[in-house]
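Notes follow the structure.
The values are calculated or read from the model by the stated rules, or taken from the named source; none is laboratory data. Please read these numbers as outputs of a predicted model, since none were measured by experiment. Here Cβ is always computed from backbone atoms with ideal geometry, including for glycine, and neighbour counts include all displayed protein chains.
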Amino acid sequence: MLTDWSCFPASREDIRKTMPELTKMTTWTDHLGHSRLRSFTAQDKHFWLEQNPAKASKWAKLARKGHEIAWEFESAGGPYTGRVLIDGEIYTPAEATKKFFTDSTRRR
């Protein structure tokens with residue numbers, strides 16, 4: 001029996017390149033419902049959901065400016081953990097606010 005191996009990655013490195021990574025949102029392949037927002041479930045089962053850029057929040061505005069933002073939940077449908085991923089780095093909202101917003105935008 002002949003097998004067409006061309007459909008399989010050639011190496012572990014190729015497999016690694018195709019696997020979604022938490023800190024690289026461009027690798028995320030799951031999407032949530034009709035919103036089509038990217039999502040990621042980590043090995044610890046924590047669920048990360050992309051910020052909806054269509055919303056009116058300061059975080060959505062930051063996403064519209066090109067930043068990749070996702071929020072962490074204990075599980076899909078679970079409570080928010082208090083952590084946010086922005087451009088590959090994990091922050092608390094307070095840390096992210098200090099880093100990404102000026103005094104005038106923090107008051108909104």
Exercise. May I ask you to list the residues in the range 50-62 that are surrounded by fewer than 20 Cβ atoms within 10 Å (Cβ to Cβ) and either closer than 18 Å to residue 23 by Cα or in contact (Cβ under 8 Å) with a residue 60 or more places away in the chain (or both)?
Key: 52
Exercise. Would you point out the residue of the range 88-108, among those that are surrounded by fewer than 13 Cβ atoms within 10 Å (Cβ to Cβ) and modelled with pLDDT of 95 or more, that is nearest to residue 30 (Cα to Cα)?
Key: 88
Quiz item: Looking at (1) modelled with pLDDT of 95 or more; (2) within 30 Å of residue 102 (Cα to Cα); (3) of a type outside the set (Val, Ile, Thr); (4) assigned to a loop (DSSP other than H, G, I, E, B), which is the only condition residue 82 fails?
Solution: (4)
Practice problem: Look at residue 75 and say whether it is in a strand (DSSP E or B) and small (Gly, Ala, Ser). | Solution: no
Exercise. Among the numbered conditions (1) surrounded by fewer than 17 Cβ atoms within 10 Å (Cβ to Cβ); (2) in contact with a strand residue (DSSP E or B) (Cβ under 6 Å, 6 or more places away or on another chain); (3) not in a loop (DSSP other than H, G, I, E, B), tell me where residue 40 comes up short.
Key: (1)
